[in-house]
Amino acid sequence: MERIEIPGGATYSPVALTDLMLGAPLASRVLLGATLPGQVASTALFALYLGSAAADWLARLGVRPIDFREEFDADVDQLEAMPLDAREWEVRLLARALNEDYTDERIERKQLARMVNDRLTEYVSGITGQQIVTSSEVRSFNFAKLVFPFAAGTCDVVSGDVAIFQDNGVWEPHVIAHEFCHRKGYLKELYAQVVAFLAMRSSGHPVLVQGARVERFHRQLAVLCGGDEVRYLELVETACLRKELDEPFRKMRPASGSESRVGSAMRSLYDQRMKMTGQNGLSDYDEGFTNFLWTFQRSSRARQPKAHAAV
Ligand SMILES: [Zn+2]
């Protein structure tokens, strides 16, 4: 099989190069004033950042991306709306599957990141016939955390640098898989959601399968409650999840009215940015994602063995 290695040099830097690049001009102005050494330092950091990304983008030229329409009969602009009763039915199926197959196994982040990355590489190569080898490095801080307080993680689209800001518990495999999909070149949120889910769901590993299911379940609840915290908690209550899952799901309730003004302003800016880049907006994370799986499940292609769109 064809193998393409993306060097991902930026991901091994002790500090995110994006932060250095953005922070350097400010720091050099404060520390050195508008002097020549300050300007040289910030230019050098900018060149380092772009240089590390250039090698990656050169390697990416040979990548054959998944053709979602061809493979799944679904795409950003080809989604069939999932009916309400089908959503409610799926919530029941997922709750039962989560309860029955629950595992309390936790895998330390570094090892989990390697497992998730290997599985993604394997899943994508099963479709495109290319092994896209990327780094499994994850950092726990970058400045984006301050700008996007609602995000569980980020991936810098230029350098492929991934940061995961907190311990995401049972969601951790999905959060890592989602960001790693961006690193592998799937920049649209819907694609990252779908590829992460399908790869983890079909992995056969209980921790990864559970990660995929909790994400799908949570996204269904998000659509059904429409941002209403009380309705969300009612849905969790009705799902009768076992204690170990009930608690984290209650904590993940939508922040009706309690989000900071900066947080909600950034959220709406982010929604606009998504719409300007050929996506449907923030709804691609939940409504789009669940509609995609619904559209795919109902198509003839879902009967292929690599489909794994089942709950
Ligand atoms: Zn994303």
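Give me the Debye-computed log₁₀ of I(q)/I(0) at q = 0.11, 0.12, 0.15, 0.22 Å⁻¹ for region 179-261, equal point scatterers on Cα only, no solvent, two decimals. Relative scattering, expressed as log10 I(q)/I(0), comes to -0.37, -0.44, -0.66, -1.07.
Working from label points 7 Å from Cα in the Cα-to-Cβ sense, the GLN78 to MET276 distance is 2.8 nm.
Each label was represented as a point 7 Å from its Cα along the Cα-to-Cβ direction; for LYS251 and TRP57 these points are 3.9 nm apart.
Radius of gyration (Cα atoms) of region 1-81, expressed as a multiple of 2.2 N^0.38 Å: 1.68. The Rg/Rh ratio for region 38-157 is 1.05, where Rg is the radius of gyration of the alpha carbons and Rh is the Kirkwood radius.
Could you calculate the FRET efficiency of LEU269 with ARG298 from 1/(1 + (r/R0)^6), where r is the beta carbon distance between them and R0 is 41 Å, rounded to 0.05? Once rounded, the FRET efficiency stands at 0.75. Computed 3J(HN,Hα) for region 89-105, one whole-Hz value per residue from the Karplus formula 6.51 cos²θ - 1.76 cosθ + 1.60 where θ = phi - 60°, is 5, 5, 4, 5, 4, 5, 4, 5, 4, 5, 5, 5, 9, 4, 10, 9, 5, glycine and proline marked x. Dipole check for region 68-303: with +1 at the C-beta of Lys and Arg, -1 at the C-beta of Asp and Glu, and the Cα centre as origin, the magnitude is about 260 Debye. Its DSSP H runs of at least 4 residues, each contributing -39,500 (n - 2.57), put the calculated 222 nm mean residue ellipticity of the chain at -18500 deg cm²/dmol, to the nearest 500. Each residue of region 60-69 was assigned a 3J(HN,Hα) from its phi angle through the Karplus expression (A = 6.51, B = -1.76, C = 1.60, θ = phi - 60°), giving 5, 4, x, 6, 9, x, 5, 8, 5, 4 Hz with x at Gly and Pro. About the centre of its Cα atoms, region 48-102 shows a dipole size close to 300 debye [charges on the beta carbon of Lys, Arg (+1) and Asp, Glu (-1) only; nearest 20 debye].
In straight-distance terms, cross-link reach from LYS184 covers every one of the lysines whose alpha-carbon lies under 26 Å from its own, apart from those fewer than eight places away in the same chain; here that gives LYS110, LYS145, LYS275, LYS306.
In units of 2.2 N^0.38 Å, what is the alpha-carbon radius of gyration of the chain?
Rg over 2.2 N^0.38 Å, computed on Cα atoms: 1.04.
Close amide-amide hydrogen proximity is noted between GLN131 and GLU2, ARG3, ILE4, each under 5 Å apart and 5 or more residues distant or on a separate chain (H modeled in the peptide plane; Pro and chain starts excluded). Lys/Arg Cβ at +1, Asp/Glu Cβ at -1, dipole of region 68-303 taken about the Cα centre: which of PHE141, ILE176, SER203 is farthest positive-ward? Of the listed residues, the answer is PHE141.
Using 0.36 nm per residue, how much length does the chain from LEU26 to ALA310 gain when fully extended, once their Cα-Cα distance is taken away?
Fully extending the segment from LEU26 to ALA310 adds 97.2 nm.
Among 212-225, 3-16, 262-275, the peptide with the highest mean count of other Cβ atoms within 10 Å heads the list, and the full ranking is 212-225, 3-16, 262-275. Note on LEU233/ILE4: beta-carbon distance plugged into 1/(1 + (r/R0)^6) with R0 of 45 Å gives a FRET efficiency of 0.45.
When peptides 193-206, 128-141, 87-100 are sorted by average Cβ neighbour count within 10 Å, with the highest value leading, the order is 193-206, 128-141, 87-100.
Between GLU105 and ASP118, what length in nm is gained on full extension when 0.36 nm per residue of separation is reduced by their alpha carbon distance?
Net length gain for the segment: 2.8 nm.
Each reported figure results from applying straightforward, stated rules to the coordinates on display, with no laboratory input. Treat the numbers as computed from the prediction; the structure is a model and nothing was measured. Here the Cβ is made from the backbone with ideal geometry for all residues, glycine too, and neighbour counts use every protein chain on show.
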